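Everything on this sheet refers to the single structure shown next.
What follows draws every value from the coordinates through simple rules; no lab data is involved. Every value quoted in this text rests on a predicted model; they were computed, and no experiment measured them. Note that we place each Cβ from the backbone using ideal geometry, even for glycine, and neighbour counts take in every protein chain shown.
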Amino acid sequence: MKRFLFGFVLISLFLILVFTSSQILDPKKYKIRFNSNGGSIVNSILVNENTSIEKLPTPSKKNYEFVGWYLDNEPFDLTTKIKKDYNLEAKWQIMAAKKYTISFDSLGGTPIEDLVLEEGESLKNLPTPTKEGYKFLYWLYQNKELKDLKVTKDMTLIAKWQKIID
């Protein structure tokens, strides 16, 4: 009987030790959910109770700059000790369109002022230079006839001329 009682107490102590140590080794975790408001998908993360988050993910959204994660319309404070689940929302600011300079080399023709266009604009209705004894044919870009090209960087266009024969 003493052996049985001793075994029972020993097993009980062992179970209590295992149960309490698992709580110590496995702290409670809370879920942080992210609503990117039209940006890239951001998966939820689990954070241990009473800890803070060192770094939050950064989503992306075309033509927008990420401002930060917000909780109830206030910036989320990374020093917050996590004690519950949170739903954070991304705030965005529209980016100003990039602008590029289009320069013209008329190869001895009338000078043409540079154009400043926004990224993605088409190069259409370009100015036409004149040059005595020549007929202007078209603008060249990278040694090819310029067709319907969209602006993605600063560019220099070069005039293509045909000599007029009398």
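Descriptive notes on the structure:
- Interchain or long-range residues, amide H under 5 Å from residue 128's placed H: none
- Pairs beyond 20 Å (Cα-Cα), from 55/83; 99/124; 28/81; 131/163; 98/160: 98/160
- Size descriptors for the chain (Cα atoms only): Rg and Dmax, in that order, 34.0, 128 Å.
- Only Lys, Arg, Asp and Glu carry charge here, each on its Cβ (+1 for the first two, -1 for the last two); on that basis the chain has a dipole of about 980 debye about its Cα centre.
- Of all DSSP beta bridges in the chain, antiparallel share, percent nearest 5: 75 percent
- Over the stretch 99-163: Rg over Rh, Cα atoms, Kirkwood Rh: 0.96
- Charge context of residue 127, other residues only, Cβ under 11 angstrom, K/R +1, D/E -1: -2
- Projected label distance in nm at residue 67 and residue 144, using a 7 Å step from Cα toward the beta-carbon: 4.1 nm
- Rounded to the nearest 20 debye, dipole of the stretch 95-149 from Cβ charges on Lys, Arg, Asp, Glu: 140 debye
- Positive contributions from Lys and Arg (+1) and negative ones from Asp and Glu (-1), summed over other residues with Cβ under 15 Å from the Cβ of residue 29, come out at +3.
- Local net charge near residue 45, Cβ-Cβ under 10 Å (Lys/Arg +1, Asp/Glu -1): +3
- In order through the stretch 80-94: 3J(HN,Hα) via Karplus (6.51 cos²θ - 1.76 cosθ + 1.60), integer Hz, x for Gly, Pro: 4, 7, 6, 10, 6, 6, 10, 10, 9, 10, 7, 10, 10, 10, 5
- Volume of the convex hull of the stretch 28-94 (Cα atoms only), normalised per residue: 72 Å³.
- For the chain, relative contact order (Cα pairs under 8 Å, six or more residues apart, normalised by length) works out to 17 percent.
- J(HN,Hα) series, the stretch 132-147, from Karplus relation 6.51 cos²θ - 1.76 cosθ + 1.60, nearest Hz, glycine and proline x: 4, x, 9, 10, 6, 9, 5, 9, 9, 9, 6, 6, 10, 4, 6, 10
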